[in-house]
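I have placed the structure first, in the form of structure tokens, so that the comments after it can refer back to it.
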Amino acid sequence: MTRQVLLNDLNPQQKEAVLHTDGPLLVLAGAGSGKTKVITHRFAHLTTAQKVHPQSILSMTFTNKAADEMRGRIESLTGKSTKGLWIGTFHSLSARILRKEIEQLGYRKDFCIYDEDDSGNLVRSILKEFKIHEALYKGILSKISSLKASLVGPEELLANEDSYGFDEKFARVYVRYQDELKKNNALDFDDLIMLCVKLCEKHPAVLKKYQNEFSHLMIDEFQDTNTSQYRLARLFASKHKNICVVGDDDQSIYKFRGAEVKNIHSFKKDYSKSKVIRLEQNYRSTQNILNIAGSIIAQNPARMHKKLWTDRGEGEKIFYCTASNEVEEARYIAQTIKELYLMGKYSYKDIAILYRVNQQSRVMEEALRENNLPYRIYGGISFFHRKEVKDIISYLRVIANPDDSVSLKRIVNCPARQIGDATVVRVENEARKREESLYRTMKHIVKSSAYTTALKDKLSGFVCIMDELIAHEDIALPELLKLIFEKTGYLEWVGEERAGNVMELVNFTEGKDIRSFIDTASLYSGTDEVSDDSTVSLMTLHCAKGLEFPVVFIAGFEDGLVPHFHAINDKDELAEERRLFYVGITRAQDRLFLTAAKKRRLYTSVQEQQPSRFLSDIPEACYCLIQKRPRADVFTSNVVKVPSKLLNVSPFVTGSRVKHPKWGIGVVRDSYGETDDLKVTVNFPSVGMKRLSLKFANLEKI
């Protein structure tokens, strides 16, 4: 593709960002402003017009889905394969570097990567050993992750006790956790970045090697970087300083994962000669949706100003529906989806229901099932995390790394081999005495005369199977999987339905070696799976980041949910909740529905709900009110300023029967609008759905 053709479909700001190839660049890319386009066109421009070698560009993002899209677009623009290039997630690219260099940190190159489940199982086993309540494992794992994201390993924690709110029990668990990881030759997700930083800082020759290799860096979703990720990027960019970061501080929503919005705010200070370009033309949403989003986010302090605009036109007003409870709210959403579908303009895959907490999905699912609507919960359990799939991947992990005791514990009695918990605990105790992995200890027990025949008999069959599988590690991966099925009898044990998922693995492994496949599976998440099926998508607001839909419903638009109750008294947390709501709004392309309930069952009790405090930030002219089973006092509140028009009540309640002089009898499905122009949607058996203005329709209530 020629330089001119490459630049033709860019707007002036996008073109400026693509052509700025020397020195640091911050691209403030508003929602839907074409940031992926800028990154991929910039890559193509660097490698064609600027003659930069493709291998010299380090391009980092946060999800496998985003990385795949980036690779696909670059291949389309350049006409060349991206195989082997440095394009991927922070974690996958760090793993790639560590596969080459990690021996300098005392690990072997065949290390395995533990996902959240594996890490959780390891922490739980440590808590059990220390006689600490196992239910605490999630909180402990979260704290460990947070410390690692801030580059605080066990040594740093112990050396700076006062700085991190030192807790002796937690410190013991953290030290032991990291020791066990190393003994298993395993890394967790956060280790991938933290150890990469440590590698570069402690071994200048390694850092120099990659500084020379990477003449240009590009980082997508820069607002989501944490301390360790930003430090790694700065280390690699410190020689050439050709670093381009693309992001939007208004979409920083992962503080709970360690993301630091201050990274994007301090970029100009860290790179004093940096250029800042704002992308403000939105290609996704109507202007009315952007106006609402802008009015919400404008209330946040200390943000980098952007004003989004579009040439798509004003579009429809937003619908704001209030219901008596969460069941009525869900039914309204389901019925509206059904009507949108029957009108023929939207398919089910064009529609998403977003909510703040997973608990809200249950009643949504019930309403969708009642209406026979197909749906899919997005960001749930991924294919690679289904039990049966994870079991087989654990076999592969032990084959590739017999010292992986966490994976071995998963499969030792799977299928059942009469190796129960008591036997495993006995082997674990022996392994600690010998300072060996479980598998090495099992092999020792089987060969030694110092143990009972009963124990040796229990373990010998498993050891024999694993020895044979390990001996065949180098055969083609699909053949190795078939050998696992044959030797273990797993397919017969797991049953026909789950066996289908296991057999699907064979397709995934075609052409891959065992270690690259294990890494891919470990770094995969539910949010990386995108369904092409015609189903309504259900997901949390956090999961919606990076997606877009013609029609979006945001459910639970109430104080305590949007914003979440934990954030209401903390200005920083409230600002993050405002950004999260902004992200949800800007997923919508054509139509946006906000829904709320007066009463809602939350955490086992029914609570009175108040309208979201964000409601008062939305201009009244931007939305229409729909009230389900309204009451005159439904919005009485001393906390939130509620527009007076919300107290207007349509004379035609949803579900009431009406008569039209031309179309006969019908049923009211919705009522909405302003005092001087109330409207209703009526389903007439003779002609279908009709939207009518009460001023002109001459409807008679019957």
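The values are calculated or read from the model by the stated rules, or taken from the named source; none is laboratory data. Here the structure is a predicted model, which means the values were calculated and not measured. Every residue, glycine among them, receives a Cβ derived from its backbone with ideal geometry; neighbour counts consider all protein chains shown. Calculation scope for accessible area: heavy atoms of the full protein, side chains included, ligands and nucleic acids excluded. Shrake-Rupley method; radii C 1.70, N 1.55, O 1.52, S 1.80 Å.
I'm a student and want to see the number: the projected area of the Cα convex hull of the chain, averaged over all directions, in nm².
Details: hull surface 139.9 nm².
The orientation-averaged projected area of the Cα hull of the chain comes to 35.0 nm².
Could you pull out every one of the aspartates and glutamates with an alpha carbon less than 16 Å from that of Lys679, ignoring same-chain neighbours closer than 8 positions?
List returned: Glu316, Asp670, Glu700.
Give me a comma-separated list of calculated 3J(HN,Hα) values for segment 251-261, in order, Karplus coefficients 6.51, -1.76, 1.60 applied at θ = phi - 60°, integers in Hz, x for any Gly or Pro.
10, 7, 10, 10, 4, 5, 9, x, 4, 10, 5
Above 13 angstrom, tally the Cα pairs of segment 453-492 and express them as a % of all pairs, no decimals.
On the way: 436 of 780 pairs.
The proportion of pairs with Cα distances above 13 Å equals 56 percent.
How large are Rg and Dmax for segment 51-175 when only the alpha carbon atoms are used, in Å?
That works out to 19.3, 61 Å for Rg and Dmax.
From the convex hull of the Cα coordinates of segment 360-422, what is the mean projected area in square nanometres? List each step's numbers first, then the result.
Working: hull surface 28.0 nm².
Approximately 7.0 nm², given one-decimal rounding.
Send over the semi-axes of segment 103-205's equivalent ellipsoid, whole angstrom and largest first, taken as the square roots of 5 times the C-alpha gyration tensor eigenvalues. Show your work: numbers first, answer last.
On the way: eigenvalues 101, 59, 24 Å².
Rounded to whole Å, the semi-axes are 22, 17, 11.
Would you please give the residues with an amide H less than 5 Å from that of Cys244, counting only those at least 5 places away or on a separate chain, with H modeled from the backbone geometry?
Those qualifying (amide H under 5 Å, at least 5 residues apart or on another chain) are Leu25, Leu217, Met218, Ile219.
Please report, as a whole percent, how much of the solvent-accessible surface of segment 79-221 comes from carbon and sulfur atoms (probe radius 1.4 Å). Numbers along the way, then the final one.
Details: 3100 of 6300 Å².
Its accessible area is 49 percent carbon and sulfur atoms.
As a test of understanding, state the convex hull volume per residue of segment 244-335 from its alpha carbons, in Å³. Kindly include the intermediate steps, with their values, before the conclusion.
On the way: hull volume 15.0 nm³, N = 92.
Cα-based convex hull of segment 244-335, divided per residue, equals 163 Å³.
Per residue, how large is the accessible surface of the chain? Use a 1.4 angstrom probe and give square angstrom. Working shown, then result.
On the way: 30410 Å² over 702 residues.
Per residue, the chain has an accessible area of 43 Å².
Which value results when the Cα radius of gyration for segment 93-134 is divided by 2.2 N^0.38 Å?
This ratio for segment 93-134 stands at 1.56.
How large is the charge dipole for segment 1-86, taken about the Cα centre, if only the Cβ atoms of Lys, Arg (+1) and Asp, Glu (-1) carry charge, to the nearest 20 debye? Don't skip to the end; give the middle numbers.
Details: 11 positive and 6 negative charges, 29 e Å.
Rounded to the nearest 20 debye, it is 140 debye.
Hey, can you rank 403-416, 157-170 by average C-beta count inside 10 Å, highest first?
On the way: 403-416: 21.1, 157-170: 12.2.
Order by mean packing, descending: 403-416, 157-170.
Taking the mean number of other Cβ atoms within 10 Å as a proxy for protection, how do you rank 273-280, 548-555 from highest to lowest? Provide the component values of the computation, followed by the final result.
On the way: 273-280: 16.9, 548-555: 23.8.
For the peptides 273-280, 548-555, the packing ranking is 548-555, 273-280.
What is the log10 of I(q)/I(0) for segment 498-577, computed with the Debye formula using one identical point scatterer on each Cα and no solvent, at q = 0.13, 0.16, 0.25, 0.27 Å⁻¹?
-0.69, -0.85, -1.25, -1.31
Along segment 183-198, what does the Karplus equation 6.51 cos²θ - 1.76 cosθ + 1.60 (θ = phi - 60°) give for ³J(HN,Hα), rounded to whole Hz, x for Gly and Pro?
Values per residue, Gly and Pro as x: 4, 7, 6, 10, 10, 8, 3, 5, 4, 4, 7, 4, 6, 5, 5, 4 Hz.
By what distance, in whole Å, do the Cα atoms of segment 42-84 stretch along each of the three principal axes, largest value first?
On the principal axes, segment 42-84 reaches 28, 18, 18 Å in Cα extent.
Put +1 on the Cβ of every Lys and Arg and -1 on every Asp and Glu Cβ in the chain; which of His660, Val536, Pro301 then has its Cα farthest towards the positive end of the dipole?
Going by the Cα projections, it comes out as His660.
Skipping prolines and chain starts, which residues have an amide H placed within reach, meaning under 5 Å, of the one on Val52, given they are 5 or more residues away or on another chain?
Thr47
Whole-Hz Karplus ³J(HN,Hα) for segment 563-572, in order, using 6.51 cos²θ - 1.76 cosθ + 1.60 and θ = phi - 60°, x for Gly and Pro?
Each residue of segment 563-572 in turn: x, 5, 4, 5, 9, 4, 9, 10, 5, 5 Hz.
Amide H neighbours of Ser656 under 5 Å, at least 5 residues apart or on other chains, H built in the peptide plane: list them.
Excluding prolines and chain starts, which carry no amide H, the hits are Val668.
Would you mind telling me the share, in percent, of accessible area of segment 466-605 contributed by carbon and sulfur at probe 1.4 angstrom?
Heavy-atom surface of segment 466-605 belonging to carbon and sulfur, 1.4 Å probe: 47 percent.
May I ask you to order 346-354, 456-464 by the average number of other C-beta atoms within 10 Å around their residues, highest value first? Show your work: numbers first, answer last.
Values: 346-354: 21.6, 456-464: 16.2.
By packing density, highest mean first, the sequence is 346-354, 456-464.
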